[in-house]
Amino acid sequence: MRQPIGLRKRAAAVPPGGAVTGTGPRGDGGGASPARDTPEPEPDAPPGLPLAFMLSHLEDDGPVRLDGVKLGVCEVLGLELDEPRLGAFAGALNACDFPLQLLVRQHPPGLGKLREDLERTQPEGLPPRSRAAAASLGRLLGELETRDGILDRRFYAVCEHERSDELHALLQRAGLAVHPLDGRQLRMLLLASALGGSPREFDEDAAVEVEVRRREIRAGDRLMRSLHLARWPRSLAPGFLQGLMAAGVPMDLALHLGPIPASVAARTLEWQKVRFESARSLTFKRGRSLSPEAEIALEDVTRLRDEVQRGRERLFHASLSLTLHAGDGETLRDLTQRARAHFAASLGRLDALPFRQREGLLSTLPLALNAVAVWRTLDTSSLAMLYPFSPPDLDTRGGTLQGVDLRACSPVVYDPWDGTHLNANTAVLARSGAGKSFATKLGVLRGVTRGVVAYVIDPEGEYAAMARAAGGRVLSPGVAGQGLNPFVIDTGDPGELLLRIGSLRRLIEVMIGEPLGAERRASLDHALAAYYAQGRGRSGFADFYAYLRESAEGDPALARLLRPFASGSLRHLLTDEGDDLLANEALVTVFDLRLLEPELRPAAAMVCTETVWAAAARHPRPRLLVVDEVWSIMQHPEGAAFMVSMAKRARKHRLGLQFITQDVQDLLSEDPSRAITGHSGRALLQNAAFKLLLQQDAAAISTVGDAFDLPEELQRWLLSCPRGDGLLLARGNRFPIRIEATPEEAELIEWRPGAHHTGAANAADER
């Protein structure tokens with residue numbers, strides 16, 4: 001049958017059992033030949049695709065079936081599977097008193113829009129090497145669309161339209177995020193479900209050929225095979241379907257549920273209990289023992305009857321169908337064997353539905369229609385464990401590629417600055433040599449190619465070569481001609497001025513190298529407030545130093561402690577050159593601190609951070625501030641307070657703070673002697689919406705596990721995972737990911753003048 005798709009038009013009704021193709025050569029059932037003088041009738045045209053798929057028409061807020069029932073369709077975001085969430089979902093099902101369909105779609109990812117956005121947002125004037133890296137990222141996105149095992153997973157819930165609000169409330173009560181589908185999104189879902197593949201725009205005037213065969217359906221160049229779970233496993237473990245989902249099988253899996261009234265369920269269970277007990281009594285009278293299967297059935301019925309009578313459980317009619325998608329017959333056979341093997345391992349059995357492929361496909365469309373009409377009775381707890389809302393995905397189709405989810409087999413794509421996250425802060429925790437610097441450089445490079453300005457505080461000079469190769473600049477604070485001026489405060493906001501004065505006070509404490517007493521801290525705060533009250537917002541450190549020495553409101557003793565930064569070896573650290581830095585931002589700026597003594601680096605790092613904050617406060621735009629080896633700052637109480645304050649305030653000016661450390665135990669320490677530092681480290685992590693845990697040291701894994709509430713299997717995995725693999729914590733979920741770089745990106749990240757290193761194997765950092 002070749003028919004236009006035509007979902008936009010309302011179609012005339014045909015009988016629900018109408019054939020998809022004609023039954024005879026002329027489509028008239030192959031009757032007797034007409035007389036010669038009678039004109040031969042025109043063959044009956046097969047019904048259009050919407051009618052063949054039991055769809056009357058599509059309205060903006062929901063499809064309408066042939067029986068006139070209008071449906072509501074919503075997308076549900078996945079959650080990490082754990083016992084509390086399973087209990088919450090079971091509670092939501094207990095309150096459901098209407099039929100619904102839960103649908104899982106797995107299909108190749110559609111990353112075309114992401115590639116277009118990458119080209120559209122690419123800033124002008126990128127160096128050739130950076131443009132080549134951006135082009136290679138586009139090719140990687142295209143390769144992921146066709147790579148075996150890389151799939152998108154989407155969860156949907158369907159019910160009658162008049163019960164949609166109730167369904168949304170139930171799912172939200174279970175902690176699930178719900179997004180109703182309408183318009184273009186709904187149309188793409190229906191077409192993709194019927195024709196296979198990823199949701200995308202179809203030409204609804206183009207003809208598509210659909211052929212229903214004995215054991216599969218061909219739609220265009222795609223093959224689909226529908227299966228039904230004929231024999232269910234006796235018991236279901238949490239995440240029963242996760243293994244099938246993670247096997248990389250393109251499919252649509254539908255679970256149809258019909259609640260049974262509590263009174264009917266209780267009566268039925270009581271009758272079954274009586275029947276089993278009678279059978280046991282007769283067996284004992286005959287001198288025989290009851291079979292183990294019968295004993296187990298009696299125990300199950302008794303327990304379930306008690307739970308139903310107490311209202312803790314409900315019974316549902318349930319039906320599970322799945323439709324596999326493939327491009328050729330051999331692949332379809334392989335996918336079928338994998339699906340059957342998954343259920344056979346738990347003593348379940350899939351029915352191949354011979355001659356009923358259309359009914360099987362209808363059962364997996366988002367129409368809340370169980371055309372197979374085979375049901376099994378299940379309780380609430382079993383259903384909660386059956387439906388795989390996990391693993392969740394982190395793919396917002398906006399931003400840039402972060403890696404590949406090893407568990408969900410899907411791309412990890414997000415934009416920290418799109419406003420959907422708590423903030424744009426990221427914590428990177430790993431042992432030495434785990435690849436944290438490479439992962440950070442890759443994130444900086446991919447951000448640069450889409451216009452995100454990046455600043456890197458680099459204590460060891462690791463990022464300088466990459467910044468130069470990417471067309472950025474490298475500054476060495478303390479060297480003549482490369483000073484910074486965080487004392488520039490160009491804002492009329494009194495609240496912002498107050499926060500900046502507090503930051504400068506902490507900076508001066510770190511510069512001095514010792515905490516100030518209460519009296520001197522008050523004196524410094526008074527001096528800063530009086531200084532800026534005189535309208536000196538565009539002044540520099542030199543003017544403030546002179547103010548401390550000469551003004552009656554100043555503090556000459558404090559000025560003497562700051563003398564090295566005014567006329568000593570660090571006199572070039574705080575200069576008016578910061579004005580040029582703020583006015584002429586480069587895409588990448590690296591503050592190379594390796595020329596400074598280790599005890600002076602915390603002060604220099606805070607100077608650099610304050611300068612970046614001045615740029616963010618003056619002109620908010622997506623910016624990334626990377627602080628490598630953040631522990632060098634956090635080990636000072638003033639520096640720790642400064643970093644925590646920065647993490648809390650960064651989102652207000654679209655600044656993303658990314659901090660990196662290998663001193664995980666020190667950062668998370670609960671040692672009473674370092675209580676300020678330990679609590680500040682945890683506060684810093686709490687203000688990071690994203691945490692990337694790469695390979696960990698055995699001595700620190702227990703601290704990491706306790707801090708992030710990681711199960712033992714994930715802790716063991718973090719001890720032995722290869723470089724480039726890690727655990728991303730975001731949105732309350734855990735995503736084991738693999739960070740992939742193209743050869744062009746790896747070469748640029750590891751670029752050295754006169755020496756080019758290619759390949760991902762050479763790209764791991766050796767620190």
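The values are calculated or read from the model by the stated rules, or taken from the named source; none is laboratory data. All values derive from a computational prediction rather than experimental measurement. Don't worry about glycine lacking a Cβ; one is built from the backbone with ideal geometry, like all the others, and counts go over all protein chains shown. Accessible surface areas use protein heavy atoms only, side chains included; no ligands, DNA or RNA. Shrake-Rupley method; radii C 1.70, N 1.55, O 1.52, S 1.80 Å.
Which residue pairs have Cβ atoms under 6 Å apart, sit 6 or more places apart or on different chains, and have a first residue in the range 239-254 that is within 15 Å of His107 (Cα to Cα) and a second that is aliphatic (A, V, I, L, M)? Taking only residues 6 or more apart or on different chains, the pairs are Val249/Leu335; Met251/Leu322; Met251/Leu324; Leu253/Val104; Leu253/Leu322; Ala254/Leu103. Of the helices (runs of 4 or more DSSP H) contained entirely in the range 160-249, those carrying at least 1 residues that are on the phi > 0 side of the Ramachandran plot and exposed (fewer than 14 other Cβ atoms within 10 Å of the Cβ) fall at 183-195. Within the range 199-219, is even one residue touching a Pro at 6+ places or on another chain (Cβ under 6 Å), modelled with pLDDT under 80 and of a type outside the set (A, V, I, L, M)? Yes, some residue in the range 199-219 is touching a Pro at 6+ places or on another chain (Cβ under 6 Å), modelled with pLDDT under 80 and of a type outside the set (A, V, I, L, M).
Can you pull out every residue in the range 699-732 that is within 20 Å of Val412 (Cα to Cα) and open to solvent by 10 Å² or more (accessible area, probe 1.4 Å)? Once the filter is applied, which keeps residues that are within 20 Å of Val412 (Cα to Cα) and open to solvent by 10 Å² or more (accessible area, probe 1.4 Å), the range 699-732 yields Leu714, Trp717, Pro722, Arg723, Gly724, Leu729, Arg731, Gly732. Selection of helices (runs of 4 or more DSSP H) fully inside the range 595-660 by the criterion of at least 1 residues being out of contact with any strand residue (DSSP E or B) (no Cβ under 8 Å at 6 or more places or on another chain) and closer than 23 Å to Leu693 by Cβ returns 631-634, 637-649.
Selection of the range 79-93 for residues being of a type in the set (Gly, Ala, Ser) and open to solvent by 30 Å² or more (accessible area, probe 1.4 Å) yields Gly87, Ala88, Gly91. Among what's in the range 515-529 and is of a type in the set (Gly, Ala, Ser) and open to solvent by 20 Å² or more (accessible area, probe 1.4 Å), pick the residue that is modelled with the lowest pLDDT. So, considering only residues that are of a type in the set (Gly, Ala, Ser) and open to solvent by 20 Å² or more (accessible area, probe 1.4 Å), the one modelled with the lowest pLDDT is Gly517. Evaluate the range 601-616: report whether one residue or more is at pLDDT 80 or above, surrounded by fewer than 16 Cβ atoms within 10 Å (Cβ to Cβ) and not aromatic (Phe, Trp, Tyr). No.
Against the test of being farther than 26 Å from Leu186 by Cβ, hydroxyl-bearing (Ser, Thr, Tyr) and touching a strand residue (DSSP E or B) at 6+ places or on another chain (Cβ under 6 Å), the options Thr396, Thr400, Thr426, Thr364 yield a single qualifying residue, Thr426. May I ask you to list the residues in the range 551-571 that are exposed (fewer than 13 other Cβ atoms within 10 Å of the Cβ) and within 21 Å of Gly478 (Cβ to Cβ)? Correct list: Arg560, Ser567, Gly568, Ser569.
Of all residues in the range 533-550, count the ones that are surrounded by 13 or more Cβ atoms within 10 Å (Cβ to Cβ) and modelled with pLDDT of 80 or more. So that I can check it myself, show each step before the final result.
Step one: list which residues in the range 533-550 are surrounded by 13 or more Cβ atoms within 10 Å (Cβ to Cβ), which gives 536-549.
Checking the rest, the ones that are also modelled with pLDDT of 80 or more come to 541-549.
Residues that pass the stated criteria total 9.
Looking for whichever is surrounded by fewer than 18 Cβ atoms within 10 Å (Cβ to Cβ), under 22 Å from Val590 (Cα atoms) and among the hydrophobic types (A, V, I, L, M, F, W, C) here; the options are Val510, Val479, Val474, Val488. Which one fits? Show your work before the answer.
Working: Val510 fails: surrounded by fewer than 18 Cβ atoms within 10 Å (Cβ to Cβ); Val474 fails: surrounded by fewer than 18 Cβ atoms within 10 Å (Cβ to Cβ); Val488 fails: surrounded by fewer than 18 Cβ atoms within 10 Å (Cβ to Cβ).
On inspection, the qualifying residue turns out to be Val479.
Among all residues of the range 94-111, there is at least one that is crowded, with 17+ Cβ neighbours inside 10 Å and assigned to a helix (DSSP H, G or I).
For the range 353-363, does any single residue satisfy the condition of being under 28 Å from Gly656 (Cα atoms) and either surrounded by fewer than 21 Cβ atoms within 10 Å (Cβ to Cβ) or in contact with a Cys (Cβ under 8 Å, 6 or more places away or on another chain) (or both)?
Start the filter on the range 353-363 by keeping residues that are under 28 Å from Gly656 (Cα atoms), which leaves none.
No, the range 353-363 has no match at all.
Scanning the range 112-142 for residues that are over 26 Å from Ser193 (Cβ atoms), open to solvent by 70 Å² or more (accessible area, probe 1.4 Å) and in a helix (DSSP H, G or I) yields Glu119, Arg120, Pro128, Arg129, Arg131, Arg139. If you filter the range 383-405 down to residues that are assigned to a strand (DSSP E or B) and charged (D, E, K, R), you find that the one that is least open to solvent (accessible area, probe 1.4 Å) is Asp405. Inside the range 505-545, residues that are more than 18 Å from Ala614 (Cβ to Cβ), in contact with an Asp or Glu (Cβ under 9 Å, 6 or more places away or on another chain) and either part of a loop (DSSP other than H, G, I, E, B) or hydroxyl-bearing (Ser, Thr, Tyr) (or both) make up a count of 4.
Where in the range 299-382 are there strands (runs of 3 or more DSSP E), lying wholly inside it, with at least 1 residues that are of a type in the set (Val, Ile, Thr) and more than 31 Å from the chain's Cα centre (by Cα)? Reasoning before the result, please.
Values: elements: 315-326, 349-351, 376-379.
Passing ranges, in order: 376-379.
Filtering the range 570-593 to residues that are at pLDDT below 75 and either within 21 Å of Ile512 (Cα to Cα) or not in a loop (DSSP other than H, G, I, E, B) (or both) leaves Asp576, Gly578, Asp579, Asp580, Leu581, Leu582, Ala583. Selection over the range 445-460 of residues that are closer than 14 Å to Cys608 by Cβ and open to solvent by 10 Å² or more (accessible area, probe 1.4 Å) gives a count of 1.
Given the residues Ala454, Ala439, Ala465, Ala469, which is the only one that is in contact with a Gly (Cβ under 7 Å, 6 or more places away or on another chain) and within 30 Å of Arg120 (Cβ to Cβ)?
Numbers: Ala439 fails: in contact with a Gly (Cβ under 7 Å, 6 or more places away or on another chain); Ala465 fails: in contact with a Gly (Cβ under 7 Å, 6 or more places away or on another chain); Ala469 fails: in contact with a Gly (Cβ under 7 Å, 6 or more places away or on another chain).
Within the list Ala454, Ala439, Ala465, Ala469, the selection yields Ala454.
Within the range 406-418, is there a residue that is at pLDDT 90 or above, outside any loop (DSSP other than H, G, I, E, B), touching a Pro at 6+ places or on another chain (Cβ under 7 Å) and β-branched (Val, Ile, Thr)? Among the residues of the range 406-418, not one is at pLDDT 90 or above, outside any loop (DSSP other than H, G, I, E, B), touching a Pro at 6+ places or on another chain (Cβ under 7 Å) and β-branched (Val, Ile, Thr), which makes the answer no.
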